[in-house]
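Worksheet: the structure to be examined is printed underneath.
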Amino acid sequence: MTKLFYTLLMICSIPTFGQSLKITPNGFVDLHDSSKKYVILDFPSISKEELFKETIKYINANYDRPEEITNLLPEEQIVITYFDLIKVNAGFLGGGSIDLQYYYKYDIQFKDGKIRFEPKFDYLKYWRSETIISLIGDKPFANGATGLFNRKGKATNDKMIQAVEDKTNEFIRSLKEKINSLNDRNWS
């Protein structure tokens, strides 16, 4: 019975929208192929020009001052360098949450029918302090972690890792939904 419960828990916790990433001591990797540091989003029959244009629209709608946080190579590549606020549950018994700034770089490249999405984790910063959490650190979480992973590759805080993965995968999911909605353009 216990094995069945854990099997169902594992199946239900896997993101269902297809392309997902997880963060490792080596950075982000494809959830299904850890040799890839990116995911490919497929949009058959949509030109790279249209994919580029719709991605720009998505960025403009979802970021303040997008012209300040993006670098563009028209119809080829968009690089977003920014941070998002994330909340991480810090309490053992529901005792509150920690506000963090998640700094990242998203490299988005285009081909006909495809978008290549490669995120890079920069660091986390506590909202009201200068404390930085890099990808790899020296201290364990209970002693003021300095990294999501220690030097041996062991996670220091699963909740922070999950929050970073969730935020990054949400970007992928919502961009994919936006572009897939192109089929719903008939406003009449």
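The values are calculated or read from the model by the stated rules, or taken from the named source; none is laboratory data. Computed from a predicted structure; not experimentally measured. Cβ atoms come from the backbone with ideal geometry, glycine included; neighbour counts cover every protein chain shown. Calculation scope for accessible area: heavy atoms of the full protein, side chains included, ligands and nucleic acids excluded. Shrake-Rupley method; radii C 1.70, N 1.55, O 1.52, S 1.80 Å.
Can you find a residue in the range 107-114 that is at pLDDT 90 or above, out of contact with any Gly (no Cβ under 6 Å at 6 or more places or on another chain) and aromatic (Phe, Trp, Tyr)?
Yes: one or more hits.
I need the full set of residues from the range 21-47 which are among the hydroxyl-bearing types (Ser, Thr, Tyr) and either touching a helix residue (DSSP H, G or I) at 6+ places or on another chain (Cβ under 9 Å) or open to solvent by less than 80 Å² (accessible area, probe 1.4 Å) (or both), in order please.
Thr24, Tyr38, Ser47
Cβ-Cβ distance below 8 Å, separation of 6 or more or different chains: which pairs start in the range 148-163 with a residue that is on the phi > 0 side of the Ramachandran plot and end on one that is at pLDDT 95 or above and surrounded by fewer than 18 Cβ atoms within 10 Å (Cβ to Cβ)?
Gly153/Thr24; Gly153/Pro25
Here is a list of conditions, (1) open to solvent by 20 Å² or more (accessible area, probe 1.4 Å); (2) farther than 23 Å from Ser181 by Cβ; (3) of a type in the set (S, T, N, Q), and Gln101 meets all of them except one; can you say which number that is?
All conditions pass for Gln101, except number (1).
For the range 28-63, how many residues meet the condition of being over 18 Å from the mean Cα position of the chain (by Cα), without any contact (Cβ under 8 Å) to a residue 60 or more places away in the chain and part of a loop (DSSP other than H, G, I, E, B)?
Here the count works out to 0.
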